[in-house]
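Read the structure below first, then the notes.
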Amino acid sequence: MLRKFAQHGTSIASFAPSSRFLARTICKGIDYDAAKCIVELGAGTGPITNELVRQVRAGTRLVIVELDPDFCKRLRAKFPGADIVEGDAAHMDKLLADRGITQVDHVVSGLPLPSFPDQLRGDILASVARSLAPNGTFRQLTNMPYIYWKLYRGYFSDVRFNLVPLNLPPAGVYVCRGYHSAPVAP
Ligand SMILES: C[S@@+](CC[C@H](N)C(=O)[O-])C[C@H]1O[C@@H](n2cnc3c(N)ncnc32)[C@H](O)[C@@H]1O
């Protein structure tokens with residue numbers, strides 16, 4: 001992760017994988033018995049994938065989307081049998097359509113969305129919104145607690161924040177519902 005951070009900066013935006021505390025918190029509240037499809041965006045070395053693979057029920061589709069080919073290779077070795085898609089989160093709905101999936105119950109994101117240009121961030125969230133079930137959640141981790149609440153409120157009507165003080169550095173998770181649109185440019 002440190003090497004990738006040095007190479008790619010803003011598309012990685014973190015030099016260490018998420019802790020198990022953060023991985024558990026981002027998945028907290030998911031009804032695994034009811035979920036038909038869960039998608040992870042930006043899996044990196046797989047700390048959140050690990051939690052999802054442990055919890056997901058037989059019959060639930062779990063799709064992991066990661067842009068970096070080296071991380072994909074590593075994820076496939078670590079989670080044989082998991083559906084690891086090498087692709088861009090901005091095309092999430094198309095990647096899912098290729099698999100016959102039209103609706104997702106939960107999207108769990110480790111993407112560094114605030115570091116992305118507005119256009120890319122907007123494209124990713126619009127793609128997520130096209131697939132998300134009406135009561136579905138978009139879950140976004142952050143290493144900067146509370147700071148981006150307003151950013152996500154620009155896209156979702158309901159944004160809650162769960163602090164993870166035991167992560168180093170202290171981190172947290174935004175749980176977002178009710179996508180409305182891209183924010184109006186200032
Ligand atoms: C901060 S790392 C998160 C890693 C991991 N989820 C964790 O919690 O430790 C961000 C990950 O997003 C991936 N990524 C960046 N842009 C992406 C994109 N457009 N589509 C899919 N993955 C992307 C990077 O390759 C990297 O693995």
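The values are calculated or read from the model by the stated rules, or taken from the named source; none is laboratory data. Bear in mind that the values here come from a model prediction, so they are computed numbers and not experimental data. For neighbour counting, all protein chains shown are included, and Cβ atoms are generated from backbone atoms with ideal geometry for every residue, glycine included. What goes into the accessible areas is simple: the full protein's heavy atoms, side chains included, and nothing from ligands, DNA or RNA. Shrake-Rupley method; radii C 1.70, N 1.55, O 1.52, S 1.80 Å.
Table for the structure above
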| item | result |
| --- | --- |
| Selection within the range 115-151 - more than 18 Å from residue 90 (Cα to Cα), within 15 Å of the ligand (Cβ to nearest atom) and not in a loop (DSSP other than H, G, I, E, B) | 142 |
| Number of positions in the range 71-84 that are of a type in the set (Asp, Glu) and near the ligand (Cβ under 9 Å from one of its atoms) | 0 |
| For residue 62: the one exception among (1) under 21 Å from residue 89 (Cβ atoms); (2) within 14 Å of the chain's Cα centre (by Cα); (3) in contact (Cβ under 8 Å) with a residue 40 or more places away in the chain | (3) |
| Selection from the range 80-96 of residues that are open to solvent by less than 80 Å² (accessible area, probe 1.4 Å), closer than 16 Å to residue 38 by Cα and out of contact with any Cys (no Cβ under 6 Å at 6 or more places or on another chain) | 82, 83, 85, 89, 92, 93, 95, 96 |
| In the range 96-114, the residues that are in contact (Cβ under 8 Å) with a residue 60 or more places away in the chain, of a type in the set (S, T, N, Q) and outside any strand (DSSP E or B) | 103 |
| From 128, 159, residue being over 24 Å from residue 62 (Cβ atoms) and open to solvent by less than 20 Å² (accessible area, probe 1.4 Å) | 159 |
| Given (1) within 12 Å of the ligand (Cβ to nearest atom); (2) open to solvent by 10 Å² or more (accessible area, probe 1.4 Å), number of the condition residue 65 does not satisfy | (2) |
| Selection from the range 115-125 of residues that are surrounded by fewer than 20 Cβ atoms within 10 Å (Cβ to Cβ), hydrophobic (A, V, I, L, M, F, W, C) and in contact (Cβ under 8 Å) with a residue 60 or more places away in the chain | 116 |
| Where a residue in the range 45-59 is on the phi < 0 side of the Ramachandran plot and its partner, wherever it lies, is within 15 Å of the ligand (Cβ to nearest atom) and open to solvent by 60 Å² or more (accessible area, probe 1.4 Å), with Cβ under 7 Å and at least six apart | 45/17; 45/74; 47/17; 47/20; 51/24 |
| Qualifying positions in the range 168-186 - at pLDDT 90 or above and either open to solvent by less than 50 Å² (accessible area, probe 1.4 Å) or part of a loop (DSSP other than H, G, I, E, B) (or both) | 170, 171, 172, 173, 174, 175, 176, 178, 180 |
| Lone unmet requirement of (1) surrounded by fewer than 20 Cβ atoms within 10 Å (Cβ to Cβ); (2) modelled with pLDDT of 95 or more for residue 141 | (1) |
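Yes or no, residue by residue, for (1) modelled with pLDDT of 95 or more; (2) open to solvent by 20 Å² or more (accessible area, probe 1.4 Å); (3) within 16 Å of the ligand (Cβ to nearest atom):
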residue	(1), (2), (3)
28	yes, yes, yes
33	yes, yes, no
36	yes, yes, no
44	yes, no, yes
48	yes, no, yes
54	yes, yes, yes
58	yes, yes, no
98	yes, yes, yes
